[in-house]
1. Keeping all protein chains in the complex and leaving out DNA, RNA and ligands, what accessible area do you get for Met715 with a 1.4 Å probe, in Å² to the nearest 10?
2. Which order do you get for Arg821, Arg44 if you rank them by accessible area with a 1.4 Å probe, largest at the top?
3. Note down the relative contact order for the range 192-321 as a percent, whole number, built from C-alpha pairs under 8 angstrom at least six residues apart.
4. Can you figure out the FRET efficiency of Glu645 with Lys501, using R₀ = 25 Å and their beta-carbon distance, to the nearest 0.05?
5. Putting +1 on Lys and Arg Cβ atoms and -1 on Asp and Glu Cβ atoms, find which of Ala112, Val373, Val440 reaches farthest to the positive end of the dipole of the chain.
6. Would you mind computing, in nm to one decimal, how far apart the modelled labels at Ala781 and Asp746 are, each placed 7 Å from Cα along Cα→Cβ?
7. Which values, in whole Å and largest first, are the semi-axes of the equivalent ellipsoid of the range 36-144 obtained as the square root of 5 times each eigenvalue of the Cα gyration tensor?
8. If the limit is 24 Å between Cα atoms, which of Lys349/Lys812; Lys79/Lys380; Lys58/Lys138; Lys138/Lys237 go over it?
Amino acid sequence: MMRKFIVMLISALAGAEVVSAQSVHATPWQSTANEAVATPDVDRFVERLLADLSLEEKVGQMIQADIASISPAELAQYKLGSILAGGNAAPQDQLRSAPQAWLDLTEEFYRASLAADAGTHQPIPILFGIDAVHGHAKVLGATIFPHNVGLGAAHDPELIRRIGQATAAEVAATGIDWTFAPTVAVVRDVRWGRAYESYAESPELVGRYASAMVAGLQGRRATAEFMAPGRTLSAVKHFVGDGGTLAGRDQGDTVIPEAQLSAVHSAGYVAAIKAGALIVMASYNSWNGVKLHANHYLLTEILKGRMGFTGFVVGDWNGHEQVPGCTKTSCAAAILAGIDMLMAPDGWKELYRNTLAQARSGEIPPARIDDAVRRILRVKAIAGLFDRAPPKQRGDAGHFEELGSAAHRAIARDAVRKSLVLLKNSHHTLPLSPHLHVLVAGAAADAIDQQSGGWTIDWQGNHNSNADFAGATSIYSGIQAAVKHAGGSAVLSRDGRFTHKPDVAIVVFGEGPYAEFEGDRETLEYSPEDKTNLSMLRRLRASGIPTVSIFISGRPLWVNPEINASDAFVAAWLPGSEGEGVADVLFRAPDGAVPFDFTGRLAFSWPATAMPVRFDAAGGVSDALYASGFGLDYRSPSSTGELSENAHIAPHFQAPRGSLFFAGHPTAPWSLFVADGDAEVHVTTLHQASPHGAVSVTLAPAGVNASWDGTQSGMLRISGRGADMRAGSSAGQTIDVRYRVDQVPDGAVTVGMRCTDPLCGTAHGAMLDVTRTFKTATVGAWRTLVIPVSCVGAGAELASVEVPFALATSGKFGVTIAEVRLASHAHEARTPCPAAAGSMSAELTRSGGSP
């Protein structure tokens, strides 16, 4: 009953079509007819090798560890099948390592994998994987291509193939065999923090692009290109339905009928596997309440059965720990469901031991172990890994001139030009003469990190500067070069102020970098609180200056006020390292000719309000401001009417300012976690227990019900990107928690915040004893706990707070939390800090009312 309520509530308020969960039924999933299958010789080789492996070696092949938690010596000992360099991992933990350090690392691990099998059987090389999702962007000097959301607007599969081939060449130069790309999600709610990893809302376009990217990375199947030097394996992700979750919540639940799951969300997999993809990555999300990492029907019966996929399925980063009854160090259920290789970045060693024990006991049958290992060995054989030399001896490795080469940058620059979508061009403001005096304004104008987005050098992409992008060009530097060449001038002013009135102003603004759940949004309103850019646009236009907006974003957003305040408006998405591609299209040539027109057309519907567009049963959208396929060029009529500036935000998503948890869910981009011992798990379902069961939570309309069983210490916490809370602390900001005690605690209860960023230095926040507050509260009565931020941290502790709220106890305790928010009480008496541990001041609680 409660699940039905949540589904209907979120669906209705999110603007999504309400579809009740249905039992699975026969649906015509397409066969992949994979032509890159093993030959009889490969099959015989794999069977001979499989027969020579011990059970310990077989289990090792099924586990992938992160380079941050495994050494070459450990790899040789445990004989794992793969390692990866995750979002924040790098050689010697140095994110800005030189390319040579990456090659040295791959060489060392590769040789360790061969030494592990010396003298016993054919050595089995590891697969080394990395997230090269828009170029080899973790490595300094690499070409950074536009993110997929922009590439979709180009509507050019051949361009995608060329990008894949260039990316593969740069990956191969560092000795790496495998990239976790492409993402083939078909996004239905762009509030999702991974929307920019999707090419389009059209399954057909996603399918065409998936095929092209796989062919570019691996080489065309059934030709001499396939896995030739300069090529790398792909991994098609995330199977399946990751782009269809309720309210666009990362790792959430996709509640749709099977026919819709097949028709909309499988298109990229069918096309990619037909193109020769050998690896599919399972998704974090659930389908109708069942986690994909535990979904035998979809992974085994559909993907491997009905679709005919003969490669292997790899899990996502600790994705198995979200399976009920599993932890990151033990999950037979995921293997039984069809995961062949578990991505276990930090818990790999204990996972290996537990999986081995489960295999020995028969909990995981021998046939399932053999099936998984057979698939892994088959992929390694088809890809030619057994015949490849160590990385440093390969003809395609060590050629660091491939990284950011002129040829690759030319492809990226072309991609930028083709991805730009012109949404407004009043009075034919564009194209601009390069002979003008141009003011370039906005915080994003000279910020290569912002135009590159997430998955760039590090996971979130938000700790970079222009100095990290040798050979790249910002949008401003591209404009400057274009006008200087023609005798014009360009001046950079972040705030748009000027001493000499310009002929035109180009304002570059938009979203900052983010990745995954840290990019989730409550609404599509671009900037509900900070109106700096809107004020700048209005001020410039009021001064009689023609104003061109260049909008940097990982998705379409509601920017009606900003469009109204602009003479021309360009959706530039996340263009990557070649910012000069923007200037190529904005300006005429010195002789007045137009070398490049706008050819980009929306691959996603642009919202008319701050709520997501709605799709009908046929996949059509009728409530968009600009439909998919829209885009102006220099021949288009220039008249544009005034747009409504009413955001029409649904009440369920009108969270109070500073909200961390509201209306039964964490306020995006914040996330809810439960933890015990040394492990934690992201709460992505209605019911979730901590890894060892010390604390369990249920999301309900009234809030989050949390219950501790008293077996060990457990923590409920809200986590997200580090926020600087020093100013708030000085201004008297508080953490306000609306709660109801359901079971009086029988042990100490603490509350506080944590700072885990390097900016914290040696200080990491504090936990305050609030035992008395909860022990004396009336069971069933709603109260508000008010905690001054200054009580739980000072100075460097508050520089980058990633956990603004945490609640912990080792005893039995039950509480429902309706709301958590950062509040300002500037006009009220300053709330005191606790006088001593266990004696929370009475002034810190307020009672009465309902949630």
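1. 50 Å²
2. Putting Arg821, Arg44 in descending order of accessible area: Arg44, Arg821.
3. 27 percent
4. 0.35
5. Comparing the listed Cα positions along the dipole, Val440 ranks first.
6. Reported label-point gap for Ala781 and Asp746 is 2.4 nm.
7. Over the Cα atoms of the range 36-144, the semi-axes work out to 29, 17, 11 Å.
8. As for pairs spanning more than 24 Å Cα to Cα, those are Lys349/Lys812; Lys58/Lys138.
The values are calculated or read from the model by the stated rules, or taken from the named source; none is laboratory data. All values derive from a computational prediction rather than experimental measurement. Don't worry about glycine lacking a Cβ; one is built from the backbone with ideal geometry, like all the others, and counts go over all protein chains shown. Accessible surface is based on the protein model in full, side chains and every heavy atom, while ligands, DNA and RNA are left aside. Shrake-Rupley method; radii C 1.70, N 1.55, O 1.52, S 1.80 Å.
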